[in-house]
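Step one of this worksheet: look at the structure below.
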Amino acid sequence: MTTSFSSLPIVDVGALNNGNEQDLASLSKTLYSVFTTTGFAYLINVPFSFDHDEIFQLARDFFGLPLERKMRLAKKSFRSENDNTYRGYFPTQPLTASDNLKEGFEIGSPRTQPVVQSSLGSRKINLSEPNVWPNEAEFPSRSRLEQIYDELQTFASQLLSLLAVSLGKDRDYFSSWLQYSLSTLRLLHYPIVPQGKLEYAKGDSEDNSVKLSCTPHTDSGILTLLHQDATPGLEVLNASGQWVPAPYVPGSIIVNIGDLMAKVSGGRFTATMHRVRSPPPKSTPQADACSRFSIPFFFEPGEMCIVRPLNGGGEAVAYGEHVRKKMSTWVEFQDDSGYDTT
């Protein structure tokens, strides 16, 4: 369960590079300790071919496109003539939608996914649909983002193997989960909002007027890997009801447990509530203020993966059913047209 932590731990994952069995066993135990207490950690010495500068430049390149060109990629709930329902772009919502003061672009696997024929609610949201992209002339970085997606998927799979061991299972215990994985790479931009235009979070234990771009929530999947920039914003809720800042640590990424992994662990792992404060408001044209970028990778199983708690308690659930229920709370799948996400 979550503890009364005051900062997030830092975990060195260099053992994944050297392959030393003793070091890997030690890392597995460390991850178990982290995910049964804070549910969040900074990871350092991650084995990627890209760095923060590159991945955030790709995000700036995309969000720097004219809105009209980004809207060509918008999900159907935002642009009715489009066919894509799950992948693609979503614009910043009106200021009254205080949990979505951000714009985003989402991609899934670069490989073709089979269309799942199932009875998991409405088929209006196609979780297995292909990605949509700007044309190459205006955004030539498609192949690089696809490579980054693959690296993040591989790294998350390595962490999952260590979690299996920490739970007393073989390393490949969860490997079947990843057939036709629905993992999502999401580019996010939190723009500056003029002072006085922000909504407020009510009832906060520390501050009754906290300005938020993303309201408190837990993630739905296995793990989330997060690249964040140096602009403050992310906060994590501890057991004492305090919101603990999670500022950028140079050379690190953040990892946190999702609802699914908490369920499977029988409650040993904790999916910790977190939120995002809005960037500092820009009161005048001369004011020093920064918009915020973050790039989460949501590590997820396949739509038809049947998930069962390891301790035998609770009911088995297909991941597609689990995530569709969670989607009903996501503002980018809510609008006034009655568009069905369930």
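The values are calculated or read from the model by the stated rules, or taken from the named source; none is laboratory data. These numbers come from a predicted model, not from an experiment. All Cβ positions, glycine included, derive from the backbone under ideal geometry; neighbour counts span all protein chains shown.
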Please enumerate the residues belonging to the range 46-59 that are in contact with a Phe, Trp or Tyr (Cβ under 7 Å, 6 or more places away or on another chain) and loosely packed, with under 13 Cβ neighbours inside 10 Å. Pro47
Quick check, is Phe155 over 24 Å from Met261 (Cα atoms), at pLDDT 95 or above, crowded, with 20+ Cβ neighbours inside 10 Å and within 21 Å of the chain's Cα centre (by Cα)? no
So, Thr215, is that one modelled with pLDDT under 95, in contact with a strand residue (DSSP E or B) (Cβ under 7 Å, 6 or more places away or on another chain) and within 15 Å of Arg275 (Cβ to Cβ) or not? yes
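To keep it simple, each residue is scored yes or no on (1) at pLDDT 80 or above; (2) over 25 Å from Ala41 (Cβ atoms); (3) under 13 Å from the mean Cα position of the chain (by Cα); (4) crowded, with 20+ Cβ neighbours inside 10 Å.
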position: Ile254; (1), (2), (3), (4): yes, no, yes, yes
position: Ser265; (1), (2), (3), (4): yes, no, no, yes
position: Gln286; (1), (2), (3), (4): no, yes, no, no
position: Phe297; (1), (2), (3), (4): yes, no, yes, yes
position: Glu303; (1), (2), (3), (4): yes, yes, no, yes
position: Val307; (1), (2), (3), (4): yes, no, no, yes
position: Glu332; (1), (2), (3), (4): no, yes, no, yes
position: Gly338; (1), (2), (3), (4): no, yes, no, no
position: Thr342; (1), (2), (3), (4): no, yes, no, no
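Could you tell me whether the range 130-148 includes any residue that is hydroxyl-bearing (Ser, Thr, Tyr), closer than 19 Å to Ile253 by Cα and part of a helix (DSSP H, G or I)?
So far as the range 130-148 goes, no, none of its residues is hydroxyl-bearing (Ser, Thr, Tyr), closer than 19 Å to Ile253 by Cα and part of a helix (DSSP H, G or I).
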